[in-house]
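K.L.:
Take a look at the following structure, please.
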Amino acid sequence: MAFIAPHFPLDKKIMTVDYDQLADHYSIYRYPDPRIALRIQSHLQVNTRVLNVVAGMGSYEPEDCEVVAIEPSHEMIAKRKNSKATLIQGVAEDLPFRDNEFDIAMAILTLHHWSDIRSGLQEMLRVSKNKIVLFTWIGYGNNFWLEDYIPQIKNVDIKLFPTLEELEQILGSVSVETIKIPYDCTDGFMCAYWRRPEAYLDLKVRKAISTFSRVSDIQKGLNKLKNDIDSGAWYKKHSYLLKKKSFDLGYRLVVCKIIT
């Protein structure tokens, strides 16, 4: 694993969340889910040169490609385990690479942390020859029960993630795949525990979900959730979920094939 320092001083204001503070929890609870990995890696051809943009700890990076990862948080970089990628501390909006330097650029559940999504995506287009692969979120509609307890969460991420229409305006034509989330998903992002309500009561789990760092006054909702779990009310109301193996909560794989 090679580490390259940033080519300009990094200001933490460019990150919408201070990931230096969250890195410990991400390293424990954000473990790549193999089923999601298969879907992402089906778009990453073997032996290509891949750039992972705002890469965190490297979730879903292919092992059969040459990977360069750029990430603003030094702590996120430091918490990586057994990474083969070349690591550069930097930001999406100012990629320190030549035009067409990579075959593919990827960004995994990270667009909502960029200070300027349009600039970051335009930079990905500039440095990529063949394809851009995004794993993103377009909103869960009325499907996620957690907002019944913590209604603030819906208004947080929906303002930060781009819509599909906005992505198309920047990238041009894209293909979109629905990624249903397995009931036992190993990657602890926001909706991963849709069939395991007790997980949201765990502070360590919540600290690995950036949304919770943006909301306050949630204890009343958590107390109500605990009471409903203990009484069985949650399971009675959401019994239909317990029969599902996976569920659509708005996660999408967006692929842009670059035409030159």
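The values are calculated or read from the model by the stated rules, or taken from the named source; none is laboratory data. Since the structure is predicted, the reported quantities are computational estimates derived from the model, not experimental observations. Please note: Cβ atoms are built from the backbone with ideal geometry, for glycine as well, and neighbour counts cover all protein chains shown.
Listed here are the residues, each with its yes/no results for (1) touching a Lys or Arg at 6+ places or on another chain (Cβ under 8 Å); (2) within 25 Å of GLY172 (Cβ to Cβ); (3) crowded, with 22+ Cβ neighbours inside 10 Å; (4) among the polar types (S, T, N, Q).
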{"site": "ASP64", "(1), (2), (3), (4)": "no, no, no, no"}
{"site": "ILE70", "(1), (2), (3), (4)": "no, yes, yes, no"}
{"site": "GLU75", "(1), (2), (3), (4)": "no, no, no, no"}
{"site": "ASN82", "(1), (2), (3), (4)": "no, no, no, yes"}
{"site": "THR86", "(1), (2), (3), (4)": "no, no, no, yes"}
{"site": "ASN100", "(1), (2), (3), (4)": "yes, yes, no, yes"}
{"site": "ASP103", "(1), (2), (3), (4)": "yes, yes, no, no"}
{"site": "ILE132", "(1), (2), (3), (4)": "no, yes, yes, no"}
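K.L.:
If you take the residues of segment 24-61 that are among the small types (Gly, Ala, Ser) and either closer than 22 Å to LEU125 by Cβ or surrounded by fewer than 22 Cβ atoms within 10 Å (Cβ to Cβ) (or both), which of them is farthest from the chain's Cα centre (by Cα)? Before the answer, list the steps.
P.N.:
Step one: list which residues in segment 24-61 are among the small types (Gly, Ala, Ser), which gives 27, 37, 42, 55-56, 58-59.
Then keep just the ones that are either closer than 22 Å to LEU125 by Cβ or surrounded by fewer than 22 Cβ atoms within 10 Å (Cβ to Cβ) (or both); that gives 27, 37, 42, 55-56, 59.
Numbers: SER27: 14, ALA37: 12, SER42: 18, ALA55: 9, GLY56: 9, SER59: 9 Å.
Ranking the candidates gives SER42 first.
K.L.:
Right, here's the next one. Name the one entry in LEU249, LEU225, LEU242, LEU253 that is touching a residue at least 12 places away in the same chain (Cβ under 8 Å), in a strand (DSSP E or B) and among the aliphatic types (A, V, I, L, M). I'd like the intermediate steps shown before the answer.
P.N.:
Numbers: LEU249 fails: in a strand (DSSP E or B); LEU225 fails: in a strand (DSSP E or B); LEU242 fails: in a strand (DSSP E or B).
Only one candidate qualifies: LEU253.
K.L.:
Filter segment 154-165 for residues that are more than 13 Å from the chain's Cα centre (by Cα) and either surrounded by fewer than 15 Cβ atoms within 10 Å (Cβ to Cβ) or hydrophobic (A, V, I, L, M, F, W, C) (or both) and give the result.
P.N.:
Correct list: ASN155, VAL156, ILE158, LYS159, THR163, LEU164, GLU165.
Yes or no, residue by residue, for (1) modelled with pLDDT under 95; (2) in contact with a helix residue (DSSP H, G or I) (Cβ under 7 Å, 6 or more places away or on another chain); (3) exposed (fewer than 14 other Cβ atoms within 10 Å of the Cβ); (4) in a helix (DSSP H, G or I):
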{"position": "ASP184", "(1), (2), (3), (4)": "no, no, yes, no"}
{"position": "TYR193", "(1), (2), (3), (4)": "no, yes, no, no"}
{"position": "VAL205", "(1), (2), (3), (4)": "no, yes, no, yes"}
{"position": "ASP230", "(1), (2), (3), (4)": "no, no, yes, yes"}
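K.L.:
Please find, among GLY250, GLY188, GLY172, the residue that is within 19 Å of VAL133 (Cα to Cα) and under 15 Å from the mean Cα position of the chain (by Cα). Lay out the reasoning, then the answer.
P.N.:
Numbers: GLY188 fails: within 19 Å of VAL133 (Cα to Cα); GLY172 fails: under 15 Å from the mean Cα position of the chain (by Cα).
None of the others qualify; the one that does is GLY250.
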